[in-house]
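This report refers to the structure that appears directly beneath it.
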Amino acid sequence: MSEHFRVHGGARLVGEVDVVGAKNSVLKLMAAALLARGTTTLTNCPQILDVPYMADVLRSIGCEVSVDGGTVVITTPSELNHKPDAASMGKLRASVCVLGPLVGRCRRAVVALPGGDAIGSRPLDMHQNGLRQLGATSEIEHGSVVAEAEGLHGAQIWLDFPSMGATENILMAAVLADGTTVIDNAAREPEIVDLCTMLQQMGAKIEGAGTSTLTVHGVDSLQPTEHRVIGDRIVGATWAFAAAVTRGDLTVRGVDPHHLDLVLDKLRTAGAEVTVYDDKAFRVVMAERPKSVDFVTLPYPGFATDLQPFAIALCAVSEGTAMITENLFEARFRFVEEMMRLGADARTDGHHAVIRGLEKLSSAPVWASDIRAGAGLVLAGLCADGVTEVWDVFHIDRGYPGFVENLVRLGANVERVTQAPER
């Protein structure tokens, strides 16, 4: 049996929607709790499938974890198992972020290669090279990353690419290393800043959060803390695009609009009226058919690759022709194939896609290949004639709490159906 969403086209989304904690932050913060013996509490956590999945990973190495609504409480013992359960690791990509904390605390880790979205290759070379420069050995053996060190020491580390995952793992290993570590070309995402903030609350000494150079002065030990997860900018941007593609009027609360400066500027170019109220709310109104806009995905503060499906959905119903350039993950354009099922006029060539906008799409059965592709197909279905069935919606549940409920409350006709799929 499989679940799918039935999306009735023609809705105009209107109203207010609240955004809770960021998926791309909470899972790394849960891993960071491994660095300190005692009880760490995270609030404003999203109620998505990946949180209990990550809880299972932490339990498998000896932690007690309770998940109660938007609060996650993690009690970390003085002695940790250095080998998390491989089956639990395989359920989500972010599970790899236990590597750095385990090497930092236990000086040894055997971490199964993670699972997650099918969006292209995401090798762990930079994670391993960073740990090696800190004094650890690291190899791939029997489907796991095996890393160990007698002791960790500070190092000057240059990342070939500003990878969030590599930055996070190296950072969490370095906070307990002897001496000073400098990470150059580090990721700058708000979720990295959130991790640095929590680590500093735990007693870490970190300089340069939010810049391309992180300086970490190692300390002997950290203490548990309580921390509120930042709002999810990707979910906030999803709702911004939802307003634009349905020619709607949405006020989005709970996320810092300045984390979405480029996104909101692109929507203004497309014809939307965008109002920023404070550091936790903004409004997007699209009164007419949007105009096509070119998008190029880049590391933050560039346009996020996670938002590429929404850019394609927008351009598919916009006036004019747009080019979408994907610079991060080669398999993201699998989404275009599903959009073409909905009648989108789209062509791909390498890491470029050309989208010629249509007045309206046509309904069809489509399949989600990852979290954002699934949400993007739902938004596209709202712009199609008839009823669109979106399958493999477990992906969407991994990233969007109460997605169907929010859509219905905002005026969409969307329902969750359980039955066997036909292909």
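Take the solvent-accessible surface of the protein heavy atoms, probe 1.4 Å, and return the percent of it on the chain that carbon and sulfur atoms account for. Please report the intermediate quantities before stating the final value.
Numbers: 7320 of 15810 Å².
In the chain, the share of accessible area belonging to carbon and sulfur is 46 percent.
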- Shape metrics for the stretch 266-344, restricted to C-alpha atoms - Rg then Dmax, Å: 13.6, 40
- Hypothetical label at Thr211: residues of the stretch 155-182 whose amide nitrogen lies under 20 Å (7 Å Cα-Cβ projection): 155-164, 167-168, 170-172, 174-175, 180-182
- Accessible solvent surface per residue of the stretch 198-244, calculated while the other protein chains remain in place, 1.4 angstrom probe, Å²: 35 Å²
- For the stretch 288-348, the per residue accessible area (1.4 Å probe, Å²) is 37 Å²
- Note on the structure: Along the dipole axis of the chain (charges at Cβ: +1 for Lys and Arg, -1 for Asp and Glu; origin at the Cα centre), the most positive-end residue among Val19, Gly411, Gly254 is Gly411
- Task: Could you size up the charge dipole of the chain around its Cα centre, putting +1 on the beta carbon of Lys and Arg and -1 on that of Asp and Glu, and report it in debye to the nearest 20?
- Result: 300 debye
- Task: Just order 368-378, 239-249 by mean Cβ neighbour count inside 10 Å, highest at the front, would you?
- Result: 368-378, 239-249
- Task: Enumerate the amide H contacts of Trp367 below 5 Å, restricted to partners 5 or more residues apart or on another chain; note that Pro and chain-start residues carry no placed amide H.
- Result: Trp391
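What ranking of Trp158, Trp367 comes out by heavy-atom accessible area, probe 1.4 Å, highest first?
Working: Trp158 160, Trp367 30 Å².
Result of the area sort, largest leading: Trp158, Trp367.
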- Separation between the Lys280 and Arg6 pseudo-spin-labels, each 7 Å from Cα along Cα→Cβ, expressed in nm? 3.9 nm
- From phi via Karplus (6.51, -1.76, 1.60), per-residue ³J(HN,Hα) for the stretch 146-152 in Hz, x at Gly/Pro: 10, 10, 7, 7, 6, x, 10
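Rounded to whole Å and sorted largest first, what semi-axes of the equivalent ellipsoid does the C-alpha gyration tensor of the stretch 333-423 yield via the square root of 5 times each eigenvalue? Kindly include the intermediate steps, with their values, before the conclusion.
On the way: eigenvalues 96, 46, 34 Å².
The three semi-axes for the stretch 333-423 are 22, 15, 13 Å.
How much of the pair distance distribution for the chain lies past 27 Å, counting alpha-carbon pairs only, in percent?
It works out to 50 percent of all Cα pairs.
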- Once you put a point 7 Å from the Cα of Arg347 and another 7 Å from the Cα of Glu319, both along the Cβ direction, what distance in nm separates them? 2.4 nm
- Task: Please give the per residue accessible area of the stretch 1-79, computed with a probe of 1.4 Å over protein heavy atoms only, in Å².
- Result: 36 Å²
- Item | Modelled FRET efficiency - R0 60 Å, Arg132 with Arg289, Cβ distances, 0.05 increments | 0.65
- Query: Using a 1.4 angstrom probe with every protein chain in place, what is the largest-first accessible-area order of Glu337, Glu3?
  - Reply: Glu337, Glu3
- Message: Could you tell me how far the Cα centroid of the stretch 148-199 sits from the Cα centroid of the stretch 265-314, in Å?
- Response: 31 Å
- Segment Asn327-Asp85, length gained on full extension (0.36 nm per residue, minus Cα span): 83.8 nm
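Go ahead and run the numbers for FRET between Gln223 and Arg59, Cβ-Cβ distance against an R0 of 25 Å, rounding to 0.05.
That gives a FRET efficiency of 0.70.
Calculated from DSSP H runs of 4 or more alone, at -39500 (n - 2.57) each and per residue, what is the 222 nm mean residue ellipticity of the chain, nearest 500? Could you put the intermediate results ahead of the total?
Numbers: 14 runs with 125 residues, N = 423.
-8500 deg cm²/dmol, from helical runs alone.
Net charge near Val408, counting Lys/Arg +1 and Asp/Glu -1 over other residues with Cβ under 11 Å of its Cβ?
On the way: positive: Arg409, Arg416; negative: Glu405, Glu415.
Result for the local shell: 0.
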- Message: Can you give the FRET efficiency to the nearest 0.05 for Asp68 and His142, using r as the Cβ-Cβ distance and R₀ = 35 Å?
- Response: 0.45
- Query: Excluding same-chain residues fewer than 8 positions from Lys91, which lysines have a Cα within less than 23 Å of its Cα?
  - Reply: Lys23, Lys28, Lys83
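The values are calculated or read from the model by the stated rules, or taken from the named source; none is laboratory data. Worth saying up front: this structure is predicted, and the values here are computed from it rather than measured. So basically every Cβ, Gly included, is an ideal-geometry build from the backbone, and we count neighbours across all protein chains shown. Heavy atoms of the whole protein, side chains included, go into the accessibility calculation; ligands, DNA and RNA do not. Shrake-Rupley method; radii C 1.70, N 1.55, O 1.52, S 1.80 Å.
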